[in-house]
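The values are calculated or read from the model by the stated rules, or taken from the named source; none is laboratory data. Predicted model, so just to flag it, every value in this text is computed and none were measured. Virtual Cβ from ideal backbone geometry, glycine too; neighbours counted across all protein chains shown. Note: areas computed on protein heavy atoms with side chains; ligands, DNA, RNA excluded. Shrake-Rupley method; radii C 1.70, N 1.55, O 1.52, S 1.80 Å.
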Amino acid sequence: MSVTDRLWPNGPVDLPPEAGNLAASRYEPDEQWLRQADAEFQKAALWRWFATHLEDPRDAVPHSEDDDDYLWGDDEPVMADRALNERFGSMVPTAVVYEVLSAIRREVGNEWAHKRLDKAGG
C-alpha cells in the first residue's frame, strides 16, 4: 500500500488552484490557504510538498555491497519527521502532520534523500 493509498483509501484528493502552483517542480503551498484548508487538503498539500522535495533513498542513493547501508557521500539523509515539522508544524495541526508522517514512515522509513531537480521535472 502506497503513501497515497494510506492517506486516502478512497482515492487521492486533488488540490484546488488556490493551494499554490501545482505545476511547479518543487511544490510550495500557499501558506495562507494551507492554514485555513480542511485536514484532507492539508494532508494532500504536505504530501505533495514532501514528494516534490524528497525521494526514497532506495531509488536515489547508492548502497553498500552487502546492501545494508546507504552510501550518502556528501549528502546526508533527510529525516522526514524533522522536515515536515520544521516546514509545517506552525501551520497545520500536529495530528495532520503526524498522519502524513506515519504514512511516509510505514512506506519507507524516516530517512529520505533530497530529490534532484532533474527527477522533479525541473
Inter-part distance where region 15-37 and region 43-64 are each reduced to a Cα centre, Å: 18 Å
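Taking only DSSP H segments of four or more residues, each worth -39500 (n - 2.57), what value at 222 nm results for the chain once the sum is divided by all its residues, to the nearest 500 deg cm²/dmol?
Working: 7 runs with 57 residues, N = 122.
Calculated from helices alone, the mean residue ellipticity at 222 nm is -12500 deg cm²/dmol.
Could you tell me what percent of the accessible area of region 46-106 is made up of carbon and sulfur, with a 1.4 Å probe and every protein chain present?
Values: 1580 of 3530 Å².
Result for region 46-106: 45 percent of the exposed heavy-atom area is carbon or sulfur.
Region 26-89: which GluC sites (Glu not before Pro) are DSSP loop and have at most 11 other beta-carbon atoms within 10 angstrom?
Values: sites: 31, 40, 55, 65, 86; in loops: 65.
Hits after loop and neighbour filter: 65.
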Heavy-atom accessible area per residue - the chain, 1.4 Å, Å²: 58 Å²
Listed residues 83, 11, 36: farthest to the positive end of the dipole of region 1-101 (Cβ charges): 36
Residue-by-residue Karplus 3J(HN,Hα) for region 18-34, coefficients 6.51, -1.76, 1.60, Hz, glycine and proline x: 6, 6, x, 6, 6, 8, 5, 4, 10, 5, 10, x, 5, 5, 5, 4, 4
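Where the only charges are on Cβ atoms (+1 Lys, Arg; -1 Asp, Glu), what is the dipole of the chain about its Cα centre, to the nearest 20 debye?
Result for the chain is approximately 540 debye, rounded to the nearest 20.
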Under 5 Å, built H, 5+ apart or other chain: amide partners of residue 78: 112, 113, 114
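I need the helices of the chain that pass two filters: whole DSSP H segments spanning 15 Å or more by Cα along the axis, and mean Kyte-Doolittle score no lower than -0.5. Mind showing how you got there, number by number?
On the way: long enough: 39-53 (21 Å, -0.30); 94-107 (20 Å, 0.41).
Passing helices, by number: 39-53, 94-107.
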